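The values are calculated or read from the model by the stated rules, or taken from the named source; none is laboratory data. These numbers come from a predicted model, not from an experiment. Positions of Cβ are generated from backbone atoms using ideal geometry, with glycine treated the same way; all protein chains shown enter the neighbour counts. What goes into the accessible areas is simple: the full protein's heavy atoms, side chains included, and nothing from ligands, DNA or RNA. Shrake-Rupley method; radii C 1.70, N 1.55, O 1.52, S 1.80 Å.
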Amino acid sequence: MGSGQVRALAELGPRFVLPFWSTPLDPAAVFGRSAPLVIEIGFGMGDATAQIAAARPDTDFIGCEVHAPGIGALLQRIDERGLTNLRIVQHDAVEVLEHMLVPASLAGIHIFFPDPWHKKKHHKRRLIQPAFVAELVTRLAPGGMLHCATDWQPYAEQMLAVLGAEPGLVNTAEAYAPKPDYRPLTKFEQRGLRLGHGVWDLVFARR
């Protein structure tokens, strides 16, 4: 971690990093208002997260990430942009969903570029699996959106199969969706596109 990230954790963490609770979160108490709530699972260094929160001030966001450098970097971006609609939970996303978020409480879930676990023997470690998707659906409000993106085509194909088989979801596109305007291109993604790599967005709604 850089010195700026360490300082951001120390100075801004108490305000913007929520402790993991085994009891349900009260978003209105956390954000001081009632607004649609979106959770992002695994935000990396948080650049896209901050851009989305800045572009959608009427929506509240919670970013879930376990790696401290990314949390420090996102805290810096929160400070630079003066964001008030974004909080962070440094904990495993599965437990956050299970314990901190009540059923039908989310307007959206973002999962951008999760680890594709390229080797076949590691595919079982991929985040997008039927049981996890079923859990995600319970936390979405009717009409809430599950938006995934990947730059690894075999993972995109698995995502499409898993999400398409979940009875609680309906695809908003024929297969892969056009990139929604609210999702900015990451530096990693821009580099991949210049090299000719594809990117696949999947946007499903809860029935």
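Under a 5 Å amide H cut-off, with hydrogens placed 1.01 Å from N, His67 pairs with nothing among residues at least 5 apart or on other chains. Highest mobility in the GNM of the chain, judged by mean-square fluctuation with C-alpha springs under 10 Å and restricted to Gly32, Gly70, Gly42, is found for Gly32. With contacts taken as Cα pairs under 8 Å at a separation of at least 6 residues, the chain carries a relative contact order of 21 percent. For Glu157 and Phe20, a Förster radius of 22 Å and the Cβ-Cβ distance give a FRET efficiency of 0.05, rounded to the nearest 0.05.
Among the protein heavy atoms of the chain, carbon and sulfur supply 55% of the accessible surface, probe 1.4 Å, non-protein parts ignored. Annotation: per residue accessible area for the chain equals 49 Å², rounded to a whole number [probe 1.4 Å, protein chains only]. Hydrodynamic analysis of the stretch 89-207 uses the Kirkwood radius over alpha carbon pairs. Inserted into Stokes-Einstein at 4 °C and 1.567 mPa s, it gives a translational diffusion coefficient of 87 µm²/s. Taking only the alpha-carbon positions of the chain and ignoring solvent, what does the Debye formula give for the base-10 log of I(q)/I(0) at q = 0.13 Å⁻¹? Cα-only, vacuum Debye calculation for the chain: -0.71.
Each residue of the stretch 71-86 was assigned a 3J(HN,Hα) from its phi angle through the Karplus expression (A = 6.51, B = -1.76, C = 1.60, θ = phi - 60°), giving 5, x, 5, 5, 4, 4, 5, 4, 5, 4, 8, x, 6, 10, 9, 9 Hz with x at Gly and Pro.
Taking only the C-alpha atoms of the stretch 70-128, the Rg (one decimal) and the largest Cα-Cα distance, Dmax (whole number), read 14.9, 44 Å.
Divide by every residue of the chain the summed helix terms, -39500 (n - 2.57) for each DSSP H run of at least 4, and state the resulting mean residue ellipticity at 222 nm, rounded to the nearest 500 deg cm²/dmol. Dividing the helical sum by the residues of the chain leaves -10500 deg cm²/dmol. Mind checking which of Leu136, Leu25, Leu163 has the largest fluctuation in a GNM of the chain, springs on alpha carbons under 10 Å? Answer for the Gaussian network model of the chain: Leu25.
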